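S.K.: Can you read through this structure? Questions will come right after.
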Amino acid sequence: MATAAHWIAGARIRTLPAAVAPVVVGTAVAVYDDRGVWWKALLAAVVSLALQVGVNYANDYSDGIRGTDDERVGPLRLVGSGLASPGAVKRAAFLSFGVAGVAGLVLAATTSWWLLLVGALSVLAAWYYTGGKKPYGYLGLGEVMVFVFFGLVAVVGTTWVQTERWGTSGWAALAAGTGVGALACAILVANNLRDIPTDEVAGKMTLAVRLGERRTRGFYAVLVGLSAAAVVVLAAVTTWWALLGLGFLLPAVAGARIVLGGARGPALIPVLQKTGVAELVWAVLAGVGLVVG
């Protein structure tokens, strides 16, 4: 099993924001609807964090055994650097998925059993992003998975297990999921923009590789704009206090300036941090607005 040092190396800079942000804002929507349930929110957080950790380990394992990380520019990878064996990292990935499964099982048992299907699809999406014979992350579909599962599914699911109804809360959760999902995608876009040269050599045809450097930089800016628009939509269907969420633009614009300024390679690493902070700020400030409103 991976050691604590391995965990620090393997846990990406985007893990915490991507895991926490959907649960924070999804719960805030439920609270706005007077249906917040703290223990279900906690279980949703366990599911989200465990899935995100599992994705990181699964990607580390799959990319490592394929040789994709042999010439890595970004943060250290466990398998590619030789810090941990492929078997240990694979076990860590499935242990994380197991933790998510147990927490998800409790949520399903107390709400609806069809949530088990959603959970199973989430785990499959996490594994086959870079795993299997034809990983869809190598086909340029990674951003779709991130938007759907770490944006829409995570936020709407968090809200639904607490409210158990659609109504206004459903539309609000959909808007919030769009905003959080767009920023989660922006983190991946910045990551793949940095890795274009090495991914091309490794045959990893990410969306960034397919779009090319110039259009990928533009796509990052579009995602930031979409996230800002989602704040406005969220406020329109709930309370204008939700516009506090626009505070995310402070770190997001700082990241966009670096991306649009033509930074390459290691110079893009700070963008991951700034975008991750922007995602968390979006969720927290919009969530505070919902609770106050």
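The values are calculated or read from the model by the stated rules, or taken from the named source; none is laboratory data. Predicted model only: the values in this text are computed from it and were never measured. Cβ placement follows ideal geometry from the backbone for every residue including glycine, while neighbour counts extend to all protein chains displayed.
S.K.: Tally up the residues in the stretch 131-155 that are in contact (Cβ under 8 Å) with a residue 60 or more places away in the chain, farther than 23 Å from Tyr61 by Cβ and surrounded by fewer than 24 Cβ atoms within 10 Å (Cβ to Cβ), please.
M.R.: Residues that pass the stated criteria total 0.
S.K.: Could you go through the stretch 222-232 and let me know if any residue there is within 30 Å of Arg66 (Cβ to Cβ) and among the small types (Gly, Ala, Ser).
M.R.: Within the stretch 222-232, none of the residues are within 30 Å of Arg66 (Cβ to Cβ) and among the small types (Gly, Ala, Ser).
S.K.: Out of all the residues in the stretch 229-248, which are surrounded by fewer than 18 Cβ atoms within 10 Å (Cβ to Cβ) and within 20 Å of the chain's Cα centre (by Cα)?
M.R.: Ala229, the sole residue that qualifies.
S.K.: Counting only residues that are within 23 Å of Ala154 (Cα to Cα) and of a type in the set (Ser, Thr, Tyr), give me the helices (runs of 4 or more DSSP H) lying completely in the stretch 169-244 with at least 2 of them.
M.R.: Because the criterion is at least 2 residues that are within 23 Å of Ala154 (Cα to Cα) and of a type in the set (Ser, Thr, Tyr), the helices (runs of 4 or more DSSP H) in the stretch 169-244 that meet it are 213-237.
S.K.: In addition: Out of curiosity, is Val222 surrounded by fewer than 22 Cβ atoms within 10 Å (Cβ to Cβ) and modelled with pLDDT of 95 or more?
M.R.: Against the criterion (surrounded by fewer than 22 Cβ atoms within 10 Å (Cβ to Cβ) and modelled with pLDDT of 95 or more), Val222 qualifies.
S.K.: Let me ask something else about it. Condition first: surrounded by fewer than 20 Cβ atoms within 10 Å (Cβ to Cβ) and part of a loop (DSSP other than H, G, I, E, B). Now tell me which residues in the stretch 117-130 satisfy that.
M.R.: Across the stretch 117-130, the qualifying residue is only Tyr128.
S.K.: Of everything in the stretch 252-261 that's surrounded by fewer than 20 Cβ atoms within 10 Å (Cβ to Cβ) and in contact (Cβ under 8 Å) with a residue 24 or more places away in the chain, which residue is nearest to Ala28 (Cα to Cα)?
M.R.: The residue in question is Val253.
S.K.: Let me ask something else. List the number of the failed condition for Thr110; all other conditions in (1) more than 14 Å from Asn59 (Cβ to Cβ); (2) free of Cβ contacts under 8 Å to residues at least 24 places away in the same chain; (3) surrounded by fewer than 22 Cβ atoms within 10 Å (Cβ to Cβ) hold.
M.R.: (2)
Matching residues to (1) more than 20 Å from Arg215 (Cβ to Cβ); (2) at pLDDT below 95:
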site: Leu246; (1), (2): yes, no
site: Arg257; (1), (2): no, no
site: Leu260; (1), (2): no, no
site: Ala263; (1), (2): no, yes
site: Pro266; (1), (2): yes, yes
site: Pro270; (1), (2): yes, yes
site: Gly276; (1), (2): yes, yes
site: Val284; (1), (2): yes, no
site: Leu290; (1), (2): yes, no
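S.K.: Since Val189 meets every condition but one in (1) surrounded by fewer than 21 Cβ atoms within 10 Å (Cβ to Cβ); (2) of a type outside the set (Lys, Arg); (3) modelled with pLDDT of 95 or more, which condition does it not meet?
M.R.: (1)
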